[in-house]
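What follows is one structure encoded as structure tokens, with my remarks underneath.
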Amino acid sequence: MTMTDADVLAALKEAGAILHGHFQLTSGRHSDTYVQCARVLEDPALTTRLAEAMAASVADEQIDLVAAPAVGGIIIGFAVAQALGVKFIFSERQQGVMTFRRSFTVRPGERVLVVEDVVTTGGSVAEVIELVRGSGGVVAAVTSIIDRGGDKAFDAEYRPLLQLEVESMEPQNCPQCAAGTPIDSPGSRRLS
Ligand SMILES: [Zn+2]
């Protein structure tokens, strides 16, 4: 099943995954919009709907396996694998190094779809791609629920479900800081 950008955006807003306020991002930059994908992933029916749309977007590709970086990619990766009817594995950091633990393996020649929840630069995705290729696997494509725009740290076919570029600025250039508006914690704000 396919979903239009408007369908996806409406579903994210309805789930409360897109918040408006005054936020400090993990980068330290400030923004009036915050994307909290956990609001989507706590809803199994919505997660399944989005995953089916992500699976449909790679219907022209042979996919043997889905791989996702922990923690953000695990739930959506599992759901996309279920929609495709293939196995699912995830990578996690061990002493800071991205690794497939738990005897998860990629066999040589396997065609892998890498799945993430939200991609900004795609640093974790790039590490998963390196792991897959290091095992002799082929990265067929990368997908995510949201692409936050900007340059990517990986080199592979990328098919995000929704492109959602959120403007952010250094605190010294932030109009809400200039207006004296206090910083919101994402948990304290609801959608608008
Ligand atoms: Zn600010």
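Observations on the model:
- Residues of segment 1-116: accessible area per residue with a 1.4 Å probe, Å²: 48
- Helical content alone sets the calculated 222 nm signal of the chain at -8000 deg cm²/dmol, taking -39,500 (n - 2.57) per DSSP H segment of four or more residues and averaging over every residue.
- Peptides ranked, highest mean first, by Cβ atoms within 10 Å: ranges 147-156, 163-172, 7-16: 7-16, 147-156, 163-172
- When every Cα-Cα distance of segment 126-171 is counted in 10 angstrom steps from zero, the calculated P(r) takes the values 24, 44, 24, 8, 1 percent.
- Considering only beta bridges that DSSP places wholly inside segment 59-192, some 15 percent are antiparallel.
- The chain - Cys residues lacking any other Cys C-beta under 4.7 Å: Cys37
- The phi-based Karplus calculation (6.51 cos²θ - 1.76 cosθ + 1.60; θ = phi - 60°) puts the 3J(HN,Hα) values of segment 90-101 at 9, 9, 8, 7, 10, 6, x, 9, 5, 9, 8, 9 Hz, whole numbers, x for Gly and Pro.
- Each of Thr121, Val97, Leu9 was placed along the dipole of segment 1-124 (beta-carbon charges, centred on the mean Cα), and the one lying farthest toward the positive end is Val97.
- Rounded to 10°, Cα long-axis angle of helix 44-56 versus longest principal axis of the chain: 60
- Other-chain or far-sequence residues with amide H under 5 Å of Val166's (modelled H): none
- Stokes-Einstein D in µm²/s, Kirkwood radius over Cα pairs - the chain at 20 °C with 1.002 mPa s viscosity: 124
- Peptide ranges 62-70, 43-51, 96-104 listed from the most packed, as the mean C-beta count within 10 angstrom indicates: 62-70, 43-51, 96-104
- With respect to the chain, whose longest principal axis is taken over its alpha-carbon atoms, helix 5-15 is tilted by about 70°.
- Counting only alpha carbon atoms, the long axis of helix 74-84 and the longest principal axis of the chain meet at about 50°.
- Percent RCO, i.e. relative contact order, over segment 74-192, from Cα pairs under 8 Å lying at least 6 residues apart: 19
The values are calculated or read from the model by the stated rules, or taken from the named source; none is laboratory data. None of these values were measured; they are calculated from a predicted model. Positions of Cβ are backbone-derived with ideal geometry, glycine not excepted, and every protein chain shown enters the neighbour counts. Accessible surface is based on the protein model in full, side chains and every heavy atom, while ligands, DNA and RNA are left aside. Shrake-Rupley method; radii C 1.70, N 1.55, O 1.52, S 1.80 Å.
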